[in-house]
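Have a look at the structure below, then the notes.
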Amino acid sequence: MAEATAHTFRIGVVLKSSISILIQNIVPFGLLTVVMMAPFGACVFAFLAFRREDSQYAPSSVDMYLLLAFAVLGSLLLSYNLVTATLIHGSVQALRGQPATFGNCIGRGFARIPGVLGVVAVTWTAILAVALTSLVVFAVLDDFLTGALWYFLVMALAVSAPIMILICMFWLAVPVAVVERPGVFASIRRSIQLTRGQRWRIFIVILIPWVVYVISQRLFGMLQAMVEEGERGGIPVAITVVAIAVDLILIAVSAVAAAVGYYTIRAAKEGVSIEEIAKVFD
């Protein structure tokens, strides 16, 4: 496995290695993903329950909607990065041909949680600040160029491009915080340095699971609507369960890809071996 990823950062190799590692460790990695994503699931459940109870969208409930919406977004960022932090140890072990256990992944991952939380807070504050700034500029210019299709397309690209560039620049910040532990801002600077020259490949590695997610959710939604029209008992529940399982698998693949990408880029740029990286966990 290590030899397959050590020479250069290739999109297909990174994704293939990530899927292979996940399949080989589906039980511990699957349990870790479920446990780490639980806060996000709880926030989504609370949001949907509140929406069902408050179907009239009363003005008095706006504050609660905003609070729950921020809770959903915050818990998503937290849960996903906890998945990444806990799966890094298991992925490194798999790359060196060693078994990954649930307990070791939890122990090694949680030992790095303070640094990971700091990295997540700083990077996503920067990303959200850029996103809000771009949206404000878009809204201001929209008053002058309303109806211009070319303008809308250009501005949509202008809003999304800086966000994606930052996400690609910060992609390795959590792996760096877990493995190297240089501190929050040093982890971010290190990620920027490591990703330089590889960001378009990183973008594709990030994009593919997201595209699969969008397509799968669309298909599951269409299938569920068809089944509900036919009133086929508990089948819609089964479809929902499968859809959630697919979501969790894609999250796990993305998390493992960050670990594989970190090793691959370091091996290509610095010539380090997987054993050298794994020493921090021994």
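Only the coordinates and a few stated rules stand behind these numbers; no lab work does. Since the model is a prediction, treat every value here as computed from it, not as a measurement. As a convention, Cβ positions derive from the backbone with ideal geometry for all residues, glycine included, and neighbour counts pool all protein chains shown.
A simple packing score, the average count of other Cβ atoms within 10 Å per residue, orders the peptides 183-194, 80-91, 65-76 as 80-91, 183-194, 65-76, with the highest score first. The listed peptides 215-222, 199-206, ordered by packing as a protection proxy, come out as 199-206, 215-222 (highest mean of other Cβ atoms within 10 Å first). Per-residue Karplus couplings for the stretch 126-136, computed as 6.51 cos²θ - 1.76 cosθ + 1.60 with θ equal to phi - 60°, are listed in order as 5, 5, 5, 5, 5, 4, 5, 4, 5, 5, 5 Hz, Gly and Pro entered as x. Across the stretch 106-122, rounded Karplus estimates of 3J(HN,Hα) from the backbone phi angles (6.51 cos²θ - 1.76 cosθ + 1.60, θ = phi - 60°) give 4, x, 5, x, 5, 5, 9, 4, x, x, 5, 4, x, 4, 4, 4, 6 Hz, Gly and Pro being marked x.
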